[in-house]
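Q: One structure, as structure tokens, below. Some questions next.
The values are calculated or read from the model by the stated rules, or taken from the named source; none is laboratory data. Nothing here was measured: the structure is a model prediction, and the numbers come from that model. Here the Cβ is made from the backbone with ideal geometry for all residues, glycine too, and neighbour counts use every protein chain on show.
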Amino acid sequence: MMNHTSPDLKTIEDALQTAWIFDGKGGGQKLTPEQLLTPPHPDRFVWIHLRRDTPDLDSWLIGELKLPEAISLALLSEDTRPRCELYLNNCLLNLRGINLNPGATPEEMISIRCWIQGKRLITLSKYHFVTVNELQQQFMKGIYPKSTAELLVWLISGLTDKMAIYLEQLDEQLDNLENNDDLTATSRLIREVTQLRNQVTQLRRYIAPQVTALSNLILSQLSWLNHEQGFSFRNVQDEVTRVTEELETMRERAIIIKDNLQQQLSEKLNRNTYLLTVVAAIFLPISFLTGLLGINVGGLPGTENTDAFLIVCIITIITVVIELTLLRMLKIF
């Protein structure tokens, strides 16, 4: 068993990104680090959002917030996929969201870990989440959730909306690639569609398990998850499912577009090869004739005739005309 000591107030201040308490009737209030040390009123519920990489955070989670040690380890683990785990009447929910931080690529999805109890929602993330800021702005306007489950629905809906917006951008890029008829840029377009396909694949790898996690939560029959709230979660699950299906459709479209671009490139190379073959066929007899007449041995005809060069040129022209006629008759050219 690990030995956990109570952290000082500075640790809580470093870890705390935001904290709110709600009365369940449409009211709410932001909490300070000092107020977090006081247990909330039993008729109210709390949302605490923490910075996951804060040193000694496990001591506070276990010592002050009374989380089981296994749950604390799961919340603070470095790498995890979306999942839903039940613990008595509580739930551990790991989710992923689009990375909208400066300098990051959106497909590098970042995780938010949630520990849901009847009167408390604890979320942890290592990176900044736009959805968390949007929820705080909503609270500042006096719009508050009436239950922990409703707050969780708002959080998941915000994450899903950001995914849908990013998917619209990717879909627009696919449309541009599909409608681009610039044959001179085929190689560049193939690289772009390959990169886009990799982005879609990476997104789907994280989002697909999120559907299963939400499904497990809906089927959990937790006491704080009533029928109405379960219906809201099903709507959110449908949205995440739709995002997953769109990603699969986009991945298939990217494959088709890439195949078409590769076919265009192959046809272009075949045409060039065919043209070079025809040109080589035309000039091969001429090259043989001029090479034969260019050997440095005695007995070459026309060496003493001043009209020999003109005669050779006429023979060469006649040869080209005959070759072109034969190629047209054979429908090769």
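Q: From the set of residues in the stretch 9-48 that are modelled with pLDDT under 80 and touching a strand residue (DSSP E or B) at 6+ places or on another chain (Cβ under 7 Å), which is nearest to Arg113 (Cα to Cα)?
A: Checked the stretch 9-48; the qualifying residue nearest to Arg113 (Cα to Cα) is Leu36.
Q: Looking only at residues that are farther than 21 Å from Leu16 by Cα and among the charged types (D, E, K, R) in the stretch 102-120, which one is surrounded by the fewest Cβ atoms within 10 Å (Cβ to Cβ)?
A: Per the criteria, the residue is Glu108.
Q: While we're looking at this one, here's another question. Only one of Thr148, Thr131, Thr123 is buried (at least 19 other Cβ atoms within 10 Å of the Cβ), without any contact (Cβ under 8 Å) to a residue 60 or more places away in the chain and closer than 22 Å to Phe233 by Cβ; which?
A: From the options Thr148, Thr131, Thr123, the qualifying one is Thr131.
Q: Residues being among the polar types (S, T, N, Q) and either under 35 Å from the mean Cα position of the chain (by Cα) or surrounded by 12 or more Cβ atoms within 10 Å (Cβ to Cβ) (or both): count how many of those fall in the stretch 33-51.
A: 1
Q: Looking at Pro102, is it assigned to a loop (DSSP other than H, G, I, E, B), touching a helix residue (DSSP H, G or I) at 6+ places or on another chain (Cβ under 8 Å) and either within 17 Å of Lys162 (Cβ to Cβ) or of a type outside the set (Val, Ile, Thr) (or both)?
A: The answer is no for Pro102.
Q: If you don't mind, another one. Pairs, please: C-beta under 8 Å, at least 6 apart or cross-chain, first residue in the same structural domain as Glu192 (by TED's automatic domain parsing) and in the stretch 237-261, second of a type in the set (Asp, Glu)?
A: Within 8 Å, the pairs are Glu246/Asp171; Met250/Asp171; Arg253/Glu178; Ile257/Glu178.
Q: Right, something else. Could you check the stretch 58-85 and list, in sequence order, the residues that are in contact (Cβ under 8 Å) with a residue 40 or more places away in the chain, under 29 Å from the mean Cα position of the chain (by Cα) and not in a helix (DSSP H, G or I)?
A: Within the stretch 58-85, Arg81, Pro82, Arg83, Cys84 meet the criteria.
Yes or no, residue by residue, for (1) part of a helix (DSSP H, G or I); (2) more than 20 Å from Glu323 (Cβ to Cβ):
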residue	(1), (2)
Leu265	yes, yes
Leu269	yes, yes
Val278	yes, no
Leu284	yes, no
Leu289	yes, no
Leu292	yes, no
Ile295	no, yes
Leu300	no, yes
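Q: Checking the structure you have, find out if any residue of the stretch 191-208 is over 21 Å from Asn101 (Cα atoms), part of a helix (DSSP H, G or I), in contact (Cβ under 8 Å) with a residue 12 or more places away in the chain and over 22 Å from the mean Cα position of the chain (by Cα).
A: No, every residue in the stretch 191-208 fails to be over 21 Å from Asn101 (Cα atoms), part of a helix (DSSP H, G or I), in contact (Cβ under 8 Å) with a residue 12 or more places away in the chain and over 22 Å from the mean Cα position of the chain (by Cα).
Q: Among the residues of the stretch 162-176, is there at least one that is farther than 21 Å from Arg242 by Cα and not in a helix (DSSP H, G or I)?
A: Taking every residue of the stretch 162-176 in turn, none turns out to be farther than 21 Å from Arg242 by Cα and not in a helix (DSSP H, G or I).
Q: Check the stretch 242-257 and report whether any residue there is under 30 Å from Lys146 (Cα atoms), touching a Ser or Thr at 6+ places or on another chain (Cβ under 7 Å) and either assigned to a helix (DSSP H, G or I) or acidic (Asp, Glu) (or both).
A: Yes, because at least one residue in the stretch 242-257 is under 30 Å from Lys146 (Cα atoms), touching a Ser or Thr at 6+ places or on another chain (Cβ under 7 Å) and either assigned to a helix (DSSP H, G or I) or acidic (Asp, Glu) (or both).
Q: Sticking with this structure for a sec: Can you say whether Arg271 is of a type in the set (Lys, Arg) and touching a residue at least 40 places away in the same chain (Cβ under 8 Å), as far as the supplied structure shows?
A: no
Q: Taking Thr160 and the conditions (1) buried (at least 20 other Cβ atoms within 10 Å of the Cβ); (2) touching a Leu at 6+ places or on another chain (Cβ under 7 Å); (3) not basic (Lys, Arg), which numbered condition does it fall short on, given that it satisfies the others?
A: If we test Thr160 against (1) buried (at least 20 other Cβ atoms within 10 Å of the Cβ); (2) touching a Leu at 6+ places or on another chain (Cβ under 7 Å); (3) not basic (Lys, Arg), just (2) comes out false.
Q: Would you please name the residue that is surrounded by the fewest Cβ atoms within 10 Å (Cβ to Cβ), looking only at residues in the stretch 247-271 that are more than 12 Å from Glu178 (Cβ to Cβ), hydrophobic (A, V, I, L, M, F, W, C) and at pLDDT below 85?
A: The residue in question is Leu269.
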